[in-house]
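Report on one structure; see the data block that follows.
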Ligand code: DP6
């Protein structure tokens, strides 16, 4: 039996992917760009075993067995990676140096997230990226990460961007077969270490409209979406320039504008799709208020929202402590897990366990009131980080028989 375990990161787009021109191959209607976030905070972990003795492909997600045959997108990822392995086996056999026929074995897949699934925290991106990356390691594929991203794309569009660390673009491509629709790294994680992120978990609940369903309704019914598709190319270029020159002012404005436009096309979908709730909108107001209070007029933070109510705030490291204190003041905690000071930004305060939320003297109380406890349930402080990691055998989620060590 051959077993490999890997983790893959979450990515949060600053230019959003929304809409497909081909729903089978998952080809998007515009380019998108994301920041890969640290796997130390959020990740999907996947173990895959392949053995001659396995009678069928099996899948366990978060400790529960699922029917793998029902998951067409995962099936596509298996088919594509197995085909590449088969090619390698045929080439090796032709040279008289046969490889183990892994492409003919069934596999057992066990995958876990260290955060709630479908809470708008990009679980499909990290989950499918972990699956495809682990398959590529299991089969010892020699293709480039960008080529592998074309396979991950077919699992879930945004998954293609989670195969790289740092700042990642998904180039939409224009070919019908999707061969030019792939992820590329714009800059590595080491490029802009001052840029950090704070995820405000507004709701752990499963979302109402899935991205897959929602985006097609937008394409079919939203006139505004046609305008968006024309605007994105210029915005992509401006965003790449902002990242390469570490220009937080442009990065922040583009990020907020693109998030707002994405939620505007959701509202323009008929019937409309609502991903933001009152707390999400209050955080938007708070960030604008915070930015207008800045003495030199410079933007200090930017928000972005995916297909759910959770806010992701991007900001330079130097502002993070203040932002955490502000959010904790206006959206107070109702639990002990509210904030784990992983990066020790609160210094002495967090070490003594004494966490001091702090309001802002310049804020208008009518615009930014203190919200009920628990409106924000958790704050996750994270950074731009690396792509998928291969773990030691001891980290395997499967035992020597190829069944999960732990079940739900
Ligand atoms: C709002 O990648 O989840 O997060 O391709 O149908 O699986 P499918 O959709 P998915 O959509 C993500 C949409 C988004 C924006 C983004 O990540 O770019």
Tell me yes or no: at least one residue of the stretch 132-144 is within 16 Å of the ligand (Cβ to nearest atom), in a loop (DSSP other than H, G, I, E, B), in contact with a helix residue (DSSP H, G or I) (Cβ under 7 Å, 6 or more places away or on another chain) and closer than 13 Å to residue 9 by Cα.
no
With criteria (1) within 12 Å of the ligand (Cβ to nearest atom); (2) within 19 Å of the chain's Cα centre (by Cα), residue 240 comes up short on (1)
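Among the residues of the stretch 25-40, which ones are buried (at least 21 other Cβ atoms within 10 Å of the Cβ), part of a loop (DSSP other than H, G, I, E, B) and within 13 Å of the ligand (Cβ to nearest atom)? If you could, list the steps in order and put the result at the bottom.
Initial filter on the stretch 25-40 (buried (at least 21 other Cβ atoms within 10 Å of the Cβ)): 26-28, 30, 32-39.
Now restrict to residues that are part of a loop (DSSP other than H, G, I, E, B): 26, 30, 38-39.
Selection gives 26, 30.
Picking from 150, 161, 182, which residue would you name as being within 16 Å of residue 385 (Cα to Cα), outside the structural domain of residue 267 (by TED's automatic domain parsing) and touching a strand residue (DSSP E or B) at 6+ places or on another chain (Cβ under 7 Å)? Break it down stepwise before answering.
Details: 150 fails: within 16 Å of residue 385 (Cα to Cα); 182 fails: within 16 Å of residue 385 (Cα to Cα).
Of the residues listed, the single one that is within 16 Å of residue 385 (Cα to Cα), outside the structural domain of residue 267 (by TED's automatic domain parsing) and touching a strand residue (DSSP E or B) at 6+ places or on another chain (Cβ under 7 Å) is 161.
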Restricting attention to the stretch 182-189, does a residue exist that is closer than 26 Å to residue 320 by Cα and part of a loop (DSSP other than H, G, I, E, B)?
yes
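Quick check on the stretch 5-15. Is at least one of its residues closer than 20 Å to residue 168 by Cβ, within 19 Å of the chain's Cα centre (by Cα) and assigned to a loop (DSSP other than H, G, I, E, B)?
Keep residues of the stretch 5-15 that are closer than 20 Å to residue 168 by Cβ, which gives 6-15.
Narrowing the set further to residues that are within 19 Å of the chain's Cα centre (by Cα) leaves 6-15.
Filter once more, keeping what is assigned to a loop (DSSP other than H, G, I, E, B): 10.
Yes, the stretch 5-15 contains at least one residue that is closer than 20 Å to residue 168 by Cβ, within 19 Å of the chain's Cα centre (by Cα) and assigned to a loop (DSSP other than H, G, I, E, B).
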Residue 83 over 30 Å from residue 306 (Cα atoms) and either in a strand (DSSP E or B) or within 12 Å of the ligand (Cβ to nearest atom) (or both)
no
Under 25 Å from residue 341 (Cβ atoms), within 16 Å of the ligand (Cβ to nearest atom), assigned to a helix (DSSP H, G or I) and within 21 Å of the chain's Cα centre (by Cα): does that describe residue 259?
no
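Please go through the stretch 48-71 and pick out each residue that is in a strand (DSSP E or B), within 21 Å of residue 121 (Cα to Cα) and in contact with a strand residue (DSSP E or B) (Cβ under 6 Å, 6 or more places away or on another chain).
Filtering the stretch 48-71 for residues in a strand (DSSP E or B) gives 48-51, 58-61, 64-66.
Those still in the list that are within 21 Å of residue 121 (Cα to Cα) too: 60-61, 64.
Listed by number, the residues that qualify are 60, 61.
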Report the residue count in the stretch 151-184 for those that are crowded, with 24+ Cβ neighbours inside 10 Å, away from the ligand (no atom under 11 Å from the Cβ) and over 28 Å from residue 245 (Cα atoms).
1
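Condition first: modelled with pLDDT of 95 or more, touching a helix residue (DSSP H, G or I) at 6+ places or on another chain (Cβ under 6 Å) and part of a helix (DSSP H, G or I). Can you find one or more residues in the stretch 220-227 that meet it? Can you show your working first?
Going residue by residue through the stretch 220-227, those that are modelled with pLDDT of 95 or more are 220-227.
When the remaining residues are screened for being touching a helix residue (DSSP H, G or I) at 6+ places or on another chain (Cβ under 6 Å), the result is 222, 224-225.
Checking which are part of a helix (DSSP H, G or I) leaves us with 224-225.
Yes: one or more hits.
Would you confirm whether any residue within the stretch 201-215 is closer than 13 Å to residue 32 by Cβ, buried (at least 16 other Cβ atoms within 10 Å of the Cβ) and within 16 Å of the ligand (Cβ to nearest atom)? Don't jump to the end; show me each part of the working.
Our first condition is that a residue be closer than 13 Å to residue 32 by Cβ; within the stretch 201-215, this holds for 211, 215.
Next cut, buried (at least 16 other Cβ atoms within 10 Å of the Cβ) only: 211, 215.
Subset that is within 16 Å of the ligand (Cβ to nearest atom): 211, 215.
Yes, the stretch 201-215 contains a residue that is closer than 13 Å to residue 32 by Cβ, buried (at least 16 other Cβ atoms within 10 Å of the Cβ) and within 16 Å of the ligand (Cβ to nearest atom).
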Which of the residues spanning the stretch 8-24 are crowded, with 23+ Cβ neighbours inside 10 Å and more than 11 Å from the ligand (Cβ to nearest atom)?
8, 9
Let me confirm something: among 43, 108, which residue is within 30 Å of residue 252 (Cβ to Cβ) and away from the ligand (no atom under 16 Å from the Cβ)?
43
Quick one: count up the residues across the stretch 285-328 that are free of Cβ contacts under 8 Å to residues at least 60 places away in the same chain, surrounded by fewer than 22 Cβ atoms within 10 Å (Cβ to Cβ) and part of a helix (DSSP H, G or I).
8
For the stretch 250-273, check the following and say yes or no: at least one residue is surrounded by fewer than 22 Cβ atoms within 10 Å (Cβ to Cβ) and at pLDDT below 95.
no
Can you confirm whether residue 169 is part of a helix (DSSP H, G or I) and touching a residue at least 24 places away in the same chain (Cβ under 8 Å)?
no
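The values are calculated or read from the model by the stated rules, or taken from the named source; none is laboratory data. Bear in mind the structure is a predicted one, so any value in this text is a computation, not a measurement. Cβ atoms come from the backbone with ideal geometry, glycine included; neighbour counts cover every protein chain shown.
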